[in-house]
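The values are calculated or read from the model by the stated rules, or taken from the named source; none is laboratory data. Only a predicted model underlies this, so the values are computations on that prediction, with no experimental measurement involved. Glycine gets a Cβ as well: all are built from the backbone with ideal geometry, and neighbour counts include every protein chain shown. Heads up: the accessible areas ignore ligands, DNA and RNA and are worked out on the full protein's heavy atoms, side chains in. Shrake-Rupley method; radii C 1.70, N 1.55, O 1.52, S 1.80 Å.
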Amino acid sequence: MTRILLPIDGSPVSRRVADALLARIDAGLTAPEIHLINIQRPVSQDVGQFVNHEALRDFHRDEGLKALAEARAVLEAAGLAPVPHVVVDDQPAAAIVRFAGEQAVDEIVMGSHGRGAVAAMLLGSVAREVSRLAGIPVTLVK
């Protein structure tokens, strides 16, 4: 069975990622094992020293699951059973690629926010970095 990872940030592009995957399944792709991942950035050390570890863990989990909710609902409505994951890391692209390796996924399907070339150079791009780092196919959805 094909294993596909969908990094989801909760933006409108996330819905398009789920829809694009469903279109591929409708076009003949055998229903894959789907993993959804949301990367939460850690809070600053200044905040972290005043909030207990369990509260931060719960906060990140809740925020991550909120970000995954729409894509998860779209896929579940189509009869699929995506597996949700929330990871806390300050380097989203590296975390996505590392997680893909740990889960032995065959492909990453993710959104590209479509920033212009100049903005992407200045701001960086998680999608571009995942494409560069991943040793597996990466499909970008605009």
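Would you mind checking the tilt of helix 12-26 against the longest principal axis of the Cα atoms of the chain, expressed as 0 to 90 degrees and rounded to 10?
So the inclination is approximately 30 degrees.
Given the peptides 79-88, 23-32, 94-103, arrange them by the average over their residues of other C-beta atoms within 10 Å, most packed first.
Details: 79-88: 16.0, 23-32: 11.6, 94-103: 17.5.
Going from most to least packed, we get 94-103, 79-88, 23-32.
Calculated from DSSP H runs of 4 or more alone, at -39500 (n - 2.57) each and per residue, what is the 222 nm mean residue ellipticity of the chain, nearest 500?
Helix-only estimate at 222 nm: -15000 deg cm²/dmol.
Can you give me the % of accessible surface on the chain that is carbon or sulfur? Probe 1.4 Å, all protein chains present, nothing else counted. Provide the component values of the computation, followed by the final result.
On the way: 4300 of 7970 Å².
The value for the chain is 54 percent carbon and sulfur by accessible area.
For 61, 41, what's the largest-to-smallest order of accessible area, 1.4 Å probe?
41, 61
For residue 60, tell me the accessible area in Å² from a 1.4 Å probe, rounded to the nearest 10.
Spelled out: residue 60, probe radius 1.4 Å, area about 10 Å².
Rounded to the nearest 5, what % of the DSSP beta bridges within the chain are antiparallel ones?
Values: 0 of 17 bridges.
Percentage antiparallel, nearest 5: 0.
Using the Cβ atoms and a cut-off under 14 Å, what net charge is assigned to the surroundings of residue 131, where Lys and Arg are +1 and Asp and Glu are -1? List each step's numbers first, then the result.
On the way: positive: 128, 132, 142; negative: 107, 129.
Net local charge, residue 131 excluded: +1.
Compactness ratio of the chain: Cα Rg over 2.2 N^0.38 Å, N = residue count?
1.07
How much area per residue is accessible in the chain when the probe is 1.4 Å and only protein heavy atoms are counted (Å²)? List each step's numbers first, then the result.
Details: 7970 Å² over 142 residues.
Dividing the accessible area of the chain by its residue count gives 56 Å².
Spelling out what I want: for every residue of segment 64-74, take phi, set θ = phi - 60°, compute 6.51 cos²θ - 1.76 cosθ + 1.60 (Karplus), and round to whole Hz; glycine and proline get x.
Coupling constants for segment 64-74: x, 5, 4, 5, 7, 4, 5, 4, 4, 5, 4 Hz.
Sum up the charges of everything whose Cβ sits under 14 Å from the Cβ of residue 69, counting Lys and Arg as +1 and Asp and Glu as -1, but leave residue 69 out. Provide the component values of the computation, followed by the final result.
Values: positive: 15, 61, 66, 72; negative: 9, 62, 63, 70, 76.
After counting each charged neighbour, the total is -1.
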